[in-house]
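K.L.:
Structure incoming, see below.
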Amino acid sequence: MTTPVLIREAELSDCRGVAQIHVDAWRTAYRQIVDPGYLASLSVERRERMWREAVASGSPRLLVARDGPSMLGWIAYGACRDADATRAQGEVWALYVAPASWSLGVGRALLQEALDRMAASGFATASLWVMSGNARAIRFYRSGGFHVEADSEQEFELGEQRVKEVRMSIILTGAGSATVDGRA
């Protein structure tokens with residue numbers, strides 16, 4: 001990154017920016033994967049309401065990355081939601097960076113902070129779900145030490161389209177031990 005980034009817990013006043021990045025990043029990252037009609041239907045207002053509820057409830061945890069007044073990205077994390085999860089499993093629920101800030105290290109900084117916080121909270125592993133067709137995201141997570149779990153591919157319905165996703169995971173052996181540049 002060329003400028004220092006502040007990463008902190010999200011506040012209600014951040015939710016509009018979180019929602020805007022959520023919609024913008026979806027429309028950019030998934031334009032070759034997801035039906036254009038579905039992408040066009042995404043609503044910043046609906047996403048803002050959803051993130052306000054999350055911030056108010058504390059679930060999932062939400063961190064934002066800011067450079068002064070500009071929001072650059074965010075990450076949502078918490079306990080793993082998978083049916084087969086144990087109490088020792090954390091999950092990155094979502095990670096999005098404003099498209100103008102891609103490849104500047106914002107995503108790596110957010111991911112590292114969330115992994116450190118999960119490890120400090122006692123989680124032994126962290127997982128996430130990524131669309132199978134999102135090669136950029138899969139490369140990003142692999143470079144951070146995540147691996148695709150064998151036989152984890154599943155399909156879900158998104159609008160009127162079926163899309164595939166895979167689960168990726170990483171071992172957290174202690175605070176700061178899982179690093180996003182692939183080195184422990």
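Every read-out reported here was derived from the displayed coordinates using simple, explicitly stated rules and does not represent laboratory data. Just so it is clear, the model here is predicted, and its values are computed rather than measured. Every residue, glycine as well, gets a Cβ built from its backbone with ideal geometry; the counts of neighbours run over all protein chains shown.
K.L.:
Select from 81, 61, 162 the residue whose mean-square fluctuation is largest in a Gaussian network model of the chain (Cα-Cα springs shorter than 10 Å).
P.N.:
For the chain, modelled as a Gaussian network with Cα springs under 10 Å, the answer is 162.
K.L.:
Using only alpha carbon pairs under 8 Å that are at least six residues apart, calculate the relative contact order of the chain and give it in whole percent.
P.N.:
Relative contact order here is 20 percent.
K.L.:
Around residue 82, with a cut-off of 15 angstrom between Cβ atoms, what is the net charge of the other residues, counting Lys and Arg +1 and Asp and Glu -1? All intermediate terms of the calculation are to be shown ahead of the outcome.
P.N.:
On the way: positive: 81, 87, 167; negative: 84, 91, 149, 151, 153, 165.
Net charge around residue 82: -3.
K.L.:
I've got another one for you. Run the dipole for the range 6-171 about the Cα centre, Lys and Arg Cβ at +1, Asp and Glu Cβ at -1, nothing else charged, and hand back the magnitude in debye, nearest 20.
P.N.:
Roughly 360 debye for the range 6-171.
K.L.:
If you rank 143, 127 by fewest surrounding Cβ atoms within 10 Å, what's the result? Numbers along the way, then the final one.
P.N.:
Numbers: 143 12, 127 20.
Result, fewest neighbours first: 143, 127.
K.L.:
Then there is this: Among [x] 41, 41, 33; [y] 49, 40, 29; [z] 48, 40, 34, which is the computed Cα extents along the principal axes in Å?
P.N.:
[x]
K.L.:
On to the next question. Would you work out which of 109, 169, 10 lies farthest towards the positive end of the dipole of the chain, given +1 charges on the beta-carbon of Lys and Arg and -1 on that of Asp and Glu, about the Cα centre?
P.N.:
Value computed over the given set: 109.
K.L.:
When the chain is fully extended, how far beyond the present Cα-Cα distance does residue 11 get from residue 50, taking 0.36 nm per residue of separation? Provide the component values of the computation, followed by the final result.
P.N.:
On the way: separation 39, 0.36 × 39 = 14.04 nm, distance 1.33 nm.
That pair, residue 11 and residue 50, stretches by 12.7 nm at full extension.
K.L.:
Using only Cα atoms, locate the centre of the range 100-117 and the centre of the range 1-73, then give the distance between them in Å, rounded to an integer.
P.N.:
The range 100-117 and the range 1-73 have Cα centres separated by 14 Å.
K.L.:
Return 28, 125 ranked ascending by Cβ neighbour count within 10 Å, so the fewest neighbours appear first. Display every interim value, and only then the final one.
P.N.:
Values: 28 14, 125 19.
Going from least to most buried by this count: 28, 125.
K.L.:
Run the quick spin-label model on residue 38 and residue 162: label points 7 Å from Cα toward the beta carbon, then report their separation in nm to one decimal.
P.N.:
1.3
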